[in-house]
Amino acid sequence: LIARHDPSGFHALLRAQAEQARAAWRLGMDWPLPASYRRPSRVVLVGMGGSAIGADIVATLARLHGRVPVEVVRHYDPPPCDPDTLVIASSFSGNTEETLSAFAGTLALPGMRLALTTGGRLIELARAHEVPLLTFAWDGPPRTAIGFGMLPAALMTRIFDRTASSGAPS
């Protein structure tokens, strides 16, 4: 019955969300933030489409439980930045035009930068500008990579205390 109504196997991607969340949590916990990075006064998550779903969740968590404002940017223009701003570019493919444009526009501005992707030009851009880069693998569309789009970004923004238990959420 499932195969007949879901020939693409989307149900399997949904079923895998719990394991994805555990893997994403471990990835974020194990990824070393640069020693020069500190708790930001403001976080800007740059992303589009499915890559921004996790950013929206992080922004909501920050609004409800955090002390640091988190903004999601979904356009070509770079946001204003100061030395205490953390900008995280999130592009599942690494080739999202708006994300690349907005993120590239921040590279000459003050502040901290991070990139989160599976590949593409975002990797090249991050490496060329010595931006810390977190890569992950997920065999599904961006809208099903919510754990990877949310949990590492939440840990990077320090919404959750990275020194707390390194165990994955249940």
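The values are calculated or read from the model by the stated rules, or taken from the named source; none is laboratory data. Not measured: the values here are computed from a predicted model. With ideal geometry, Cβ positions are generated from the backbone for all residues, glycine too; neighbour counts draw on all protein chains shown. Remember, those area values only see protein heavy atoms, side chains included, never the ligands or the DNA or RNA. Shrake-Rupley method; radii C 1.70, N 1.55, O 1.52, S 1.80 Å.
Distant-in-sequence amide contacts of L134, defined by a placed amide H-H separation under 5 Å and a gap of 5 or more residues or a different chain, comprise A115, L116, T117. Cα centroids of segment 1-43 and segment 127-156: 8 Å apart.
Mind running the shape call on segment 42-118? Use the C-alpha gyration tensor, a ≥ b ≥ c as the square roots of the eigenvalues: rounded below 1.5 for a/c, prolate if a/b tops b/c, oblate otherwise. Oblate shape, in that a/c is at least 1.5 and b/c is the bigger or equal ratio.
Can you list which of the GluC sites (Glu not before Pro) found in segment 45-152 are DSSP loop residues with at most 16 other C-beta atoms within 10 Å? Intermediate results must be reported in sequence, preceding the final value.
Values: sites: E71, E97, E98, E124, E130; in loops: E130.
Those satisfying the criteria are E130.
Loop-resident trypsin sites (Lys or Arg not before Pro) (DSSP state other than H, G, I, E or B) in segment 44-113 with no more than 15 further Cβ atoms inside 10 Å of their Cβ: R67. In whole percent, and with a 1.4 Å probe on the protein chains, what portion of the accessible area of the chain is carbon and sulfur? Answer for the chain is 56 percent, counting heavy atoms of protein chains only.
For a paramagnetic label modelled at 7 Å from the Cα of T60 toward its Cβ, which residues of segment 111-149 fall within the zone defined by backbone nitrogen distances under 19 Å? 142-149, by backbone N distance to the label point. Database remark: amide H of R42 closer than 5 angstrom to the amide H of L86 (H placed geometrically; neighbours at sequence offset of 5 or more, or on other chains; Pro and chain starts carry no H). For the pair L109 and H5 in one chain, pulling the backbone fully straight at 0.36 nm per residue adds 32.5 nm over the alpha carbon distance.
Each stretch of four or more DSSP H residues adds -39500 (n - 2.57); spread over every residue of the chain, this sum gives -11000 deg cm²/dmol at 222 nm. Our coupling estimate for segment 82-89, obtained by passing each phi through the Karplus curve with A = 6.51, B = -1.76, C = 1.60 and θ = phi - 60°, is 10, x, 9, 8, 9, 10, 10, 8 Hz, Gly and Pro reported as x.
Most mobile of A137, A23, A62 per a Gaussian network model of the chain (Cα springs, under 10 Å)? Its mean-square fluctuation being the largest, the pick is A137.
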